[in-house]
Amino acid sequence: MTLPDGGHPPAQKSYREATARRRLAGILDPGSFTELLGPSERVTSPHLASLGLSVAFDDGVVVGEGRLGGSAVLAASQEGGFMGGAVGEVHGAKLVGLLRRAERERPAGVLLLLDSGGVRLQEANAGLVAVSEIMRALLSARAAGVPVVGLIGGGWGCFGGMGIVARCCDGLAMSEEGRLGISGPDVIEATKGVEELDAADRALVWRTYGGKHRYLLGEADLIVEDDLAAFRAAAAELLARPRPLDLDSLAREHERLARRLADFGGCGDAAEVWQLAAAPEPERLPLLDADAFRRTVAPARRGEP
Amino acid sequence: MTPALGALLGALFPAGHAVREEDGIVRGAARTAAGDVAVLGSAGGAEVGVEAALALAGEVLRVVREHPGRPIVVLVDTRGQRMTRRDEVLGLNGYLGHLAACVELARRRGHRLVAVVSGDAVSGGVLPLGFMADAIHAVEGAHPWVMSLPAMARVTKLPLERLEELSRSSAVLAPGLDGFVRLGALEPAWEPPLSERLAAALSRPVGPDRRAELGLERGGRLLAAAVARRVSGEDADEP
Amino acid sequence: MERLAFELESAGPPAPRAPPVVVGVVASGNLEVLVEPAELDGRCRVEIATSAHGFGEIWDAVLRDFAARNAVAGLALSVNDAGATPAVVSLRLDQAVEEYLGQRP
């Protein structure tokens, strides 16, 4: 348990293994990040404190300004290690404030590094309202012409209300290890029973919520390796192709979602979706790396045209 | 249509309505003292799954196309998102995100959005529609919640008695309308006649999302408004 | 939650003023350390909030050892601890100070 002699930790490559702060440092241009309302301000959760629970100086989310490929962006990064990245009053308000700042300052975009189980149950009601405020602020920023991009590759995935927030974004990049949904496996098992979803069945959980299935469905726009540089490139690519919040665009999305329901509505398992979508050799798909997977499923994928 | 929904519609729209209910999804139009409105939402505690989310989004888009600018009254009575493996396989969160985006589009195109909560208002059922409204009102029976205190005690491993005690002073824990009013998320329950309250709500000017400020004024959320303002940089604009 | 505060003697010149740094995460068995410059007359102040009660003497020993190994005069350290072991605490404290002092001016 000692540090290497005077050295620096080996260069961080894995997005999943990095902390929220390291992720920001790896995604944004080196040295460009300036935190807003940082840990020195000590704006911590009064609700956790009143329950006698540990607080974090940033309440589990880092927000601030930086650059991506030279362009000014705003960015937020949720720390899954603290309370599962869950949204409480302060955490949520920091995200709302960042999105409002985007609407005022019109940067090239907003990056949301999502890693969250959803609403923080220890401050449940405030968390739910905060998620609602995030959704309004996010859509308002988009309507003002600021693209918002989501990145999902942390250990907690993106669930609950934050799963809806993710799909309010212009674009989403996921790693295979990233997971996205609304009702997580534990929640479904606890509510509907193990026959509905066995949360201990890892293969089932990954093929239901994981990046590959979400990419094949067209829920994620890009699938990348679990690598900070890959997520950085994906963020830049997605910022360059915003999805306008207008009637034509939403009508097309509506058609796409209606077609998905018509095509796959009878599927109770992602494996059946892959079969029906005529993905080649569906049983091999979980084994492929991101590049090979992307090439293999290209004809079967149901993304935007 | 359940008697409860029929009674609610009768009280909100005594001048007449053509509102249908199917599988817990409410759609239609109605007449109010403030003009004609579109009506949509959930009833009977319906859980919102992929079909319902898509149908509601389709209805919002239809109103935007066929009745530009017509106010939309959103009825809320939902126990949340449908929790099935199939809904997750199909990407329910994506359908709900799409619904929220359609509601935002309606707002941008001048449709006033007034929500009326008459029963349960939970999580994924209320986030993409009811809680997207410009004003969120309640009638008798409104019961917004996230989690019951016994379930919260299990999940957080905190003693139930402690949570019950804290709930008396804190608005963030206990289920129910009072807490959400103090948080600034909902307005106190309307007294009859509901049709007059609705007409007044439809006539009030709309503005930006002020729920955090209301939460501060009502003492339920002391930090949210200030934190959002500091991060947004709005404070720096003030003289 | 238990709150502890320590004032430590530390040899060497006072640490230079630099932007605050935070290291670590408040996760089970882990902790976060916030390092800030402070006018402390040649000493180092450490404030701790910990979910593990009754470990004051061990904190005292770990912190004395830390202050003897590093020149930390003029630094204020604030810790949110979620039950980290002494080894993890030492590691994070060293990382935090190293990161603080390693910043480019």
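Name the trypsin sites (Lys or Arg not before Pro) in the stretch A:211-305 that are in a loop by DSSP and that have at most 14 other C-beta atoms within 10 Å, would you?
Qualifying residues, ordered by number: none.
For each of A:W206, A:W274, count neighbouring Cβ atoms within 10 Å of the residue's Cβ, then give the residues from fewest to most.
In order of increasing Cβ crowding within 10 Å: A:W206, A:W274.
Which residue, B:L222, B:L160, B:L183, tops the fluctuation ranking in a GNM of chain B built on C-alpha contacts under 10 Å?
Sorting by GNM fluctuation, first place goes to B:L160.
If you average 1/r over all unlike Cα pairs in the stretch B:1-116 and invert the result, what Kirkwood radius do you get in angstrom?
Values: mean 1/r = 0.0692 Å⁻¹.
The answer is 14.4 Å.
Using modelled backbone amide H atoms (1.01 Å from N, in-plane), which distant-in-sequence or interchain residues come within less than 5 Å of A:Y15's amide H?
Answer set, sorted by chain and number: A:D227, A:L228.
Output the Kirkwood hydrodynamic radius of the protein assembly as shown, Cα pairs only, in Å rounded to one decimal.
Details: mean 1/r = 0.0392 Å⁻¹.
After inverting the mean inverse Cα-Cα distance, the result is 25.5 Å.
Would you mind counting up the charge near A:H47? Only other residues with Cβ under 12 Å from its Cβ, with Lys and Arg at +1 and Asp and Glu at -1.
Numbers: positive: A:R120, B:R221; negative: A:D59, A:E89, A:E123.
Charge balance in the 12 Å sphere: -1.
For chain B, what does the equivalent ellipsoid look like in terms of its semi-axes, each the square root of 5 times an eigenvalue of the Cα gyration tensor, given largest first in whole Å? Walk me through the numbers on the way to the answer.
On the way: eigenvalues 158, 102, 75 Å².
Working through the eigenvalues yields semi-axes of 28, 23, 19 Å.
When only alpha-carbon atoms count, how far does the stretch A:1-129 stretch along each of its three principal axes, as whole angstroms with the largest first?
45, 41, 25
Compute the signed sum of charges (Lys and Arg +1, Asp and Glu -1) over the other residues within less than 12 Å, Cβ to Cβ, of B:V64. Walk me through the intermediate numbers first.
On the way: positive: B:R62, B:R65, B:R70, B:R107, B:R108, B:R109; negative: A:D246, A:D248, B:E59, B:E66, B:E104.
Value of the local net charge: +1.
Can you give me the P(r) profile for the stretch C:2-101? Cα pairs, bins 5 angstrom wide beginning at 0, each as a whole percent.
3, 15, 27, 28, 17, 8, 2, 0
Contact order normalised by length for chain B, with contacts defined as Cα pairs under 8 Å and 6 or more residues apart; what percent is it? Display every interim value, and only then the final one.
On the way: 444 pairs, mean separation 36.4, N = 239.
Rounded, it is 15 percent for chain B.
Ranked by Cβ crowding within 10 angstrom, fewest neighbours first, how are B:M152, B:M132, C:M1, A:M162 ordered? Let's see the in-between values first.
Numbers: B:M152 20, B:M132 26, C:M1 16, A:M162 31.
Final ranking by Cβ density, sparse to dense: C:M1, B:M152, B:M132, A:M162.
Report the antiparallel proportion of the DSSP beta bridges in the protein assembly as shown as a percent, rounded to a multiple of 5.
Values: 45 of 91 bridges.
Once the DSSP bridges in the protein assembly as shown are tallied, antiparallel ones form about 50 percent.
Within 11 Å, Cβ to Cβ, of B:R218, how many net charges do the neighbouring residues add up to if Lys/Arg are +1 and Asp/Glu are -1? Please report the intermediate quantities before stating the final value.
Details: positive: B:R182, B:R211, B:R221; negative: B:D178, B:E187, B:E213, B:E217.
Around B:R218, the surrounding residues sum to -1.
Report, for the stretch C:2-101, the % of DSSP beta bridges that are antiparallel, rounded to 5.
Numbers: 19 of 25 bridges.
So the antiparallel bridges amount to about 75 percent of the total.
With N residues in the stretch A:20-297, what two-decimal value do you get for its Cα radius of gyration over 2.2 N^0.38 Å? Walk me through the numbers on the way to the answer.
On the way: Rg = 18.5 Å, N = 278, 2.2 N^0.38 = 18.7 Å.
Cα Rg divided by the expected 2.2 N^0.38 Å: 0.99.
Quick check on chain A: of the DSSP beta bridges with both residues there, what percent are antiparallel, nearest 5%? Don't skip to the end; give the middle numbers.
Details: 12 of 32 bridges.
Just about 40 percent of them are antiparallel.
Suppose every K and R has +1 on its Cβ and every D and E has -1 on its Cβ; what is the size of the dipole of chain B about the Cα centre, in Debye to the nearest 20? Show your work: numbers first, answer last.
On the way: 27 positive and 29 negative charges, 63 e Å.
Dipole size: approximately 300 debye.
When chain A is modelled as a GNM with alpha-carbon springs shorter than 10 Å, which of A:D201, A:D289, A:D227 fluctuates the most?
Between A:D201, A:D289, A:D227, it is A:D201 that shows the largest mean-square fluctuation.
When you count, for each residue, the other Cβ atoms within 10 Å and take the mean per peptide, how do C:63-74, A:133-144, B:200-211, B:105-116 rank with the highest first?
Working: C:63-74: 18.8, A:133-144: 24.0, B:200-211: 14.6, B:105-116: 20.5.
By packing density, highest mean first, the sequence is A:133-144, B:105-116, C:63-74, B:200-211.
So what is the relative contact order for chain A, in percent, with contacts set as C-alpha pairs under 8 Å and at least six apart?
Working: 574 pairs, mean separation 45.1, N = 305.
Value for chain A: 15 percent.
What is the average number of partner chain Cβ atoms found within 10 Å of a Cβ in A:86-97?
Values: counts 0, 0, 3, 10, 6, 1, 5, 13, 6, 3, 10, 12.
So the per-residue partner count for this stretch is 6.
Report the residue, chosen from A:G268, A:G80, A:G97, that carries the largest GNM mean-square fluctuation when chain A is represented by alpha-carbon nodes joined by springs under 10 Å.
In the Gaussian network model the winner is A:G268.
Every read-out reported here was derived from the displayed coordinates using simple, explicitly stated rules and does not represent laboratory data. Every value quoted in this text rests on a predicted model; they were computed, and no experiment measured them. Don't worry about glycine lacking a Cβ; one is built from the backbone with ideal geometry, like all the others, and counts go over all protein chains shown.
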